[in-house]
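The values are calculated or read from the model by the stated rules, or taken from the named source; none is laboratory data. The structure displayed is predicted, hence computed values, not measured ones. Virtual Cβ from ideal backbone geometry, glycine too; neighbours counted across all protein chains shown. With ligands, DNA and RNA removed, areas are computed over all heavy atoms of the protein, side chains included. Shrake-Rupley method; radii C 1.70, N 1.55, O 1.52, S 1.80 Å.
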Amino acid sequence: MVRLPYVTALTTLFSYGLLFAFGQLRDFFRRIIDWFKSSSKDLKVSPFRYTCSIFFAFSSLVFGKEKKSVWIFGLDLETTLCCFLEQGYAPICLGLEDFYTRRLYLRIQDCFSRPIASAPDAWFDVVERYSKDNNKTLHRTAKTSKCLNLGSYNYLGFAAADEYCTPRVIKSLKKYSPSTCSIRVDGGTTDLHNELELLVAKFVGKPAAITFGMGYVTNSAIIPVLIGKGGLIISDSLNHNSIVNGARGSGAAVRVFQHNNAAHLEEVLREQIAEGQPRTHRPWKKIIVIVEGIYSMEGELCQLPEIIAVCKKYKVYTYLDEAHSIGAVGKSGKGVCELLGVDPSDVDLMMGTFTKSFGSCGGYIAASKEIVQYLKHACPAHLYATSMSPPAVQQVISAIKVILGEDGSSRGAQKLAQIRENSNFFRSELKKMGFEVLGDNDSPVMPIMLYNPAKIPAFSRECLRHNVAVVTVAFPATPLLLARARICISAAHSREDLVKGLEVISKVGDLVGIKYFPAEPPKHGNQAHKKVE
């Protein structure tokens, strides 16, 4: 868990407070300037009335009165400002979300959505951009920078050309075309789709599986089909947004338990089973507990054995999201069940994506044959969405065969050993340098805590200047005070690549001031560590 020091929390809050205050002042004076530039005849507002509105608006800004308590000539403050200061249509985007986007996000948007001009391998080409209006708009150039890729989900290195996968993908492209141009239930099911579903079921250890064209939709569209009004979803507090949206759209009641806390899960379950549905107190029609294998913003492994034990005790369904764990952890890449010694039959529904370890796109649900058959007849993502591209399907099939060793080589086992070794080496070295790193060993996801808003763009830009591409994550993807840089390690990274990345991150960490813990002294016998420090 995050250990946020009081001094860091105070300085972070103070920084956001300054940004908010100056942003509000700039908005206030911008409205005045825009009004003077506009035609008073078109507005049909007397100078006296406008002066009054500005006075009340300024008093509300300074003294913090609620907008509903400030009335100007029979109109509340928001309506008055819209009438006097805006012309034409009412703005679609209002409120703090719009303010945050304009006054905070746009100032550092060059740190996000950076276009690349090559495959997301261990190194890739990042397209250079520039802005002439303080980052409000960004323009691409013809120049690229070759950077170390520490941000992509290419855990096993299948995203680039592969000696086994690539020829077969090209062959499938020529045979099936880039798209089926159809949904699965019409003309969108090829023999490749059927083969993939059988292979996925075999790989994860479930009787059957169903695939979808998008990983995010796999959660957000499946959950409302599985449960509805009268049901109860108990979700980990740090579950992914796709799970949150799926739960909200289901119509079921939603309760949250503390992250990775099986004891609190049992407490919530016992309370909800005893109380039943709100008002009527009838028993819940069904209860589903939803957790993730690896939490993508924390890099932590799920406490799956303890959670499964609680679910079996109270006879509730379990839904496991393995988007970041399938293919990346476990002796043979079969995810957290294999890593933590959990029988897949104890998990009712296993979800995963093909966008990380398999170098493709789409997602799957693996479960009993009855559940999968029901989903094929009821899930809108299967009935109405275009099916997976055949070359993308072939990529997943080929990647799984490499992992299982069915390609006739040991490359799959080597990749799994490499990702585990790379992840544990990089994590341990970052901790030795004094960074606050979240997550568990064997996890290829390792967030480095930044906290302060000014350190988000500083860290990202300085790393890019040294040809290291990293991903920074801030509000609303994380809580306001818990901004971080998320490092993703790949089996494609060599030891030299990792040492290069550590050298740059260490240098930038000293410059930006994000080494929140004392660094360990270098060991004289460890040449690699001396080189990193």
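The table below gives the values:
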{"read-out": "Only listed residue being hydroxyl-bearing (Ser, Thr, Tyr) and free of Cβ contacts under 8 Å to residues at least 60 places away in the same chain, chosen from 177, 235", "value": "235"}
{"read-out": "Whichever residue in the stretch 119-175 is part of a loop (DSSP other than H, G, I, E, B) and of a type in the set (Ser, Thr, Tyr) and, among such residues, is farthest from residue 193 (Cα to Cα)", "value": "131"}
{"read-out": "Qualifying helices (runs of 4 or more DSSP H) (wholly inside the stretch 450-533; at least 2 residues being open to solvent by 10 Å² or more (accessible area, probe 1.4 Å), modelled with pLDDT under 95 and among the hydrophobic types (A, V, I, L, M, F, W, C))", "value": "none"}
{"read-out": "Flag if residue 144 is without any contact (Cβ under 8 Å) to a residue 40 or more places away in the chain, within 25 Å of residue 478 (Cα to Cα) and open to solvent by 50 Å² or more (accessible area, probe 1.4 Å)", "value": "no"}
{"read-out": "Tally of residues being modelled with pLDDT of 95 or more and open to solvent by less than 30 Å² (accessible area, probe 1.4 Å) across the stretch 185-215", "value": "16"}
{"read-out": "Pairs with Cβ under 6 Å, 6+ apart, first in the stretch 202-230 and farther than 19 Å from residue 184 by Cα, second at pLDDT below 95 and crowded, with 22+ Cβ neighbours inside 10 Å", "value": "none"}
{"read-out": "Top-ranked residue in the stretch 12-34 [being surrounded by 13 or more Cβ atoms within 10 Å (Cβ to Cβ) and among the β-branched types (Val, Ile, Thr); ranked as nearest to residue 456 (Cα to Cα)]", "value": "12"}
{"read-out": "Residue tally, condition in a loop (DSSP other than H, G, I, E, B) and β-branched (Val, Ile, Thr), over the stretch 192-237", "value": "1"}
{"read-out": "Complete set of residues in the stretch 425-440 that are small (Gly, Ala, Ser) and either assigned to a helix (DSSP H, G or I) or crowded, with 21+ Cβ neighbours inside 10 Å (or both)", "value": "428, 439"}
{"read-out": "Matching option when the condition is within 16 Å of residue 325 (Cβ to Cβ) and of a type in the set (Ser, Thr, Tyr), among 423, 428, 460", "value": "423"}
